[in-house]
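Here the structure is laid out as C-alpha cells; the discussion comes afterwards.
Readers should treat all values here as calculations from the given coordinates under stated rules, not as data from a laboratory. Computed from a predicted model, the values in this text were never measured in an experiment. With ideal geometry, Cβ positions are generated from the backbone for all residues, glycine too; neighbour counts draw on all protein chains shown.
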Amino acid sequence: MSAAAAAKAAVQAVSRRLIPMFDRVVVEKAEAVTRTKGGIVIPEKAQGKVLQGTIVAVGPGGRNERGDTIPLSVAVGDNVLLPEYGGTKIELDDAELFIYREHDILAKLNK
Amino acid sequence: MSAAAAAKAAVQAVSRRLIPMFDRVVVEKAEAVTRTKGGIVIPEKAQGKVLQGTIVAVGPGGRNERGDTIPLSVAVGDNVLLPEYGGTKIELDDAELFIYREHDILAKLNK
Amino acid sequence: MSAAAAAKAAVQAVSRRLIPMFDRVVVEKAEAVTRTKGGIVIPEKAQGKVLQGTIVAVGPGGRNERGDTIPLSVAVGDNVLLPEYGGTKIELDDAELFIYREHDILAKLNK
Amino acid sequence: MSAAAAAKAAVQAVSRRLIPMFDRVVVEKAEAVTRTKGGIVIPEKAQGKVLQGTIVAVGPGGRNERGDTIPLSVAVGDNVLLPEYGGTKIELDDAELFIYREHDILAKLNK
Amino acid sequence: MSAAAAAKAAVQAVSRRLIPMFDRVVVEKAEAVTRTKGGIVIPEKAQGKVLQGTIVAVGPGGRNERGDTIPLSVAVGDNVLLPEYGGTKIELDDAELFIYREHDILAKLNK
Amino acid sequence: MSAAAAAKAAVQAVSRRLIPMFDRVVVEKAEAVTRTKGGIVIPEKAQGKVLQGTIVAVGPGGRNERGDTIPLSVAVGDNVLLPEYGGTKIELDDAELFIYREHDILAKLNK
Amino acid sequence: MSAAAAAKAAVQAVSRRLIPMFDRVVVEKAEAVTRTKGGIVIPEKAQGKVLQGTIVAVGPGGRNERGDTIPLSVAVGDNVLLPEYGGTKIELDDAELFIYREHDILAKLNK
C-alpha cells in the first residue's frame, strides 16, 4: 500500500472512532497549494493563509440558551475553508487531524 | 482575454463554489480610489480608510439565541462600504476575495 | 457655486446613496465652535470635546436577541451631540462623513 | 444679571434643547464642598470623592433584551450623588454640563 | 452630645436623605476588631480582611433582563460582612458611609 | 476544653449566625493531608492542590436571568473538594472560615 | 497486588465517593503514547498534545439560563480526548485524577 493510501486508511480508521463533542467537527487538512493553476510557484510566505480541508467527523451540534441542541450545517465529506489560526491538532494512530468549532469554519467550498 | 477579464472570470468561478457559513459574506474589493472626482491625486496616506467592495457570495444568516437563522440584509451584487480592518483574505485559483461578517459591513452604497 | 455649496451638494449626493447597516447612522460633523457666544476665542485645547453634527442617513435599526429589528430613535435632519472618540470616517466623492452606532450618540439637540 | 444668574440661565437654555439618548441623563454638578458644616476647611485631597449634582434633562430610558424601553427612575430636578469618575463633559453656549448613564448614578439625595 | 453620639446622629440624618439606585445599599462600617475575644491584640496586618457593617439605606432592587425590579434580600438594620475591596466612600455632612451593590455583600450576620 | 474542641465550638457558634448571600456557602477547611495512606510523608510542594472542607452554612441560592432563586445543590455537612485558589477568608470570634460561590466547588466527596 | 492493580483499585475507590458539581466530570488520564503503532519511538516534544482519558465520575449537568439542569452527553466509562491545557488535578488516597468541564472535552473515542 502506498504511503498516501496508508495515510488515507489511518485517517478513515480514526475518524470512524471519533465522536466530536457539541458543535465540534474533525477536519483532515488538504496539502498547502504551492503552485497557481497556471503553474507559477507560490513562495511560502505568499501561500494563501486560508486553508482547505475535508470534514471527517461531526458532533451532534451546539446548545442554545435553553440547552436544546442545534444541528450542524456541515456534514462529513464537505470541503471547507479554515482560518489560519485556531483548531486543535490530534495525532492518533499515525493520523493527523484537527478539531474545529463549527462557527470557526469560514465557508463550504463546492468541487 | 484581457487580464481584467481573466481576473473577473476567476472571481466568478470561485464565488459560485463558495457557501459562506452563517452570517459571513464574500466580498471582492474595489480598486483604491486614488483621484478625486475633480482629478486631483489623493496621496496614499490620505486615501479613504473606508473601502468599497461588491458582495459575491452570502451565507444563510446568523443564529439568534434560540438557534433560529436570521436572514441577511445584504445580497449578491450589493455594493458595500467596508471598515479599514477586519475581513479574512482568501486566495483561491487566482482569485483574491475577502470574507466579512454581516455586522462588520458599514453600509450599502447604491450606484 | 461656492465651496460651501459644493461641499453641501457633495454630502447630499453621497447621503442619498448610503444605506447604513443595522443601527448605524451617517453624520455630517459641524465646524468646531472656536468662539463663545460672547465672542471670546476658545483655545484649541479647551474647545468642547463633544462635537455636534447632523444626521444625513439612517439604518433600519439594530436587532434584539430574537433577531427582530428595533427602529432607531433618531432621524435624518436631527442635530446630535457626538462623543470625542468613536465614529468611522468615510471619504466619498469629495464628501467627508462619519458613521456612528445609534447607542454612541449622546443626545439630540433641538435648535 | 450676576455671573451666577447668567450661568443659571445658560444651563436652563441648553437643558431645554437637550434630549439625552436612551438611559442617559444630563447633570449640572454642584460646587465641591470645601468646608465641613462646622466650618472646618477640607483640604483638596480629602474632599469627598463623591460629587453632587442636579438632573437637568433625562432620556426616554434604556432598552431591555427585547428592545422595549424601560423608563428611568430619576427625573429633572432630582439631586443625585455621582461617582468620582465617568460622565461626559458638554460645553455648550457657556453652559458646562455632564452626561451620565442612569446606572452610574449612586443615589438620589433628598433635601 | 458625645463625639460618638454626634457621629451617630450625622449618619442617621444623612441616611434618611439617601435613596440608593437599583441594587445599591448604604453601609456604615463597624470599627475594625483589634482584639480577639480572649483579649489578645490582633496586629494590623492580621486583622480580618472581611469587614462588618450595618445597612442604613437600601435601593428598590436591581433589574432582570426584561427590566422588572427584583427586590433586595437585605434590609435597613441588617448586620453584614463586606469584602475587603469594593464599595464607594461617601462623605456627607460629617458622616462617612459606603455604597455597595447587593451582590458584593458576602453574608448577613445575626447578633 | 481542648484547643480542638474550642475551635470546633467557635466555628459552630459563628456558623449559626451566618446567612451567606445568594449562591455563597461557608466552608471550614480540613487540615492539609501531609501523609499518604501508606504513611509516606508528602513534601509540602507536592501536597494536593485541591483542598477538602465541610460546608457549615449555605445561602438561599443564586438567581436566574428572570430573578428567580435557584436552590443550591449542596447542604450543611457536605464534605467538598475546593479549588486551590478563590474563596474569601473570614476571621470571626476565633473561627477561621471561607466563603465560596457554589459554582467554584469542584465536587462533593462522600465519606 | 501489582502496583497497576493497586493504582486501579485506588482510582475506583475514590471515584465511587466523588460527585462532581454541575457539568464537571472526573477523568483518569491514559499513559502518554510514546511509540507509533509501527513501533517508532515518538520524541517527547512531538508526542500528541491531545491526551486520552477515561471518565470515572460525572456530575448532574450544567444549568441553562432559567436554572434547569441539562444532562451531560458523556457517561462513566467513556474514552475521551482532552485538550493539552485545563483540568484540575486531584490527588486523593494515592489516586491521581483530573476534573474537567464537559464543554472542555474535545471528543469521545470509541474503542
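Values computed for the structure shown
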| item | result |
| --- | --- |
| Pair G:ASP94, F:ARG17: separation of 7 Å Cα→Cβ label points (nm) | 4.5 |
| For the axis carrying chain F to chain D: nearest C-beta residue of F, whole Å | F:GLU65, 6 |
| Shielding by partners - mean other protein chain Cβ count within 10 Å, residues of A:78-85 | 2 |
| Peptide-level mean, for E:13-19, of C-beta atoms on other protein chains within 10 Å | 3 |
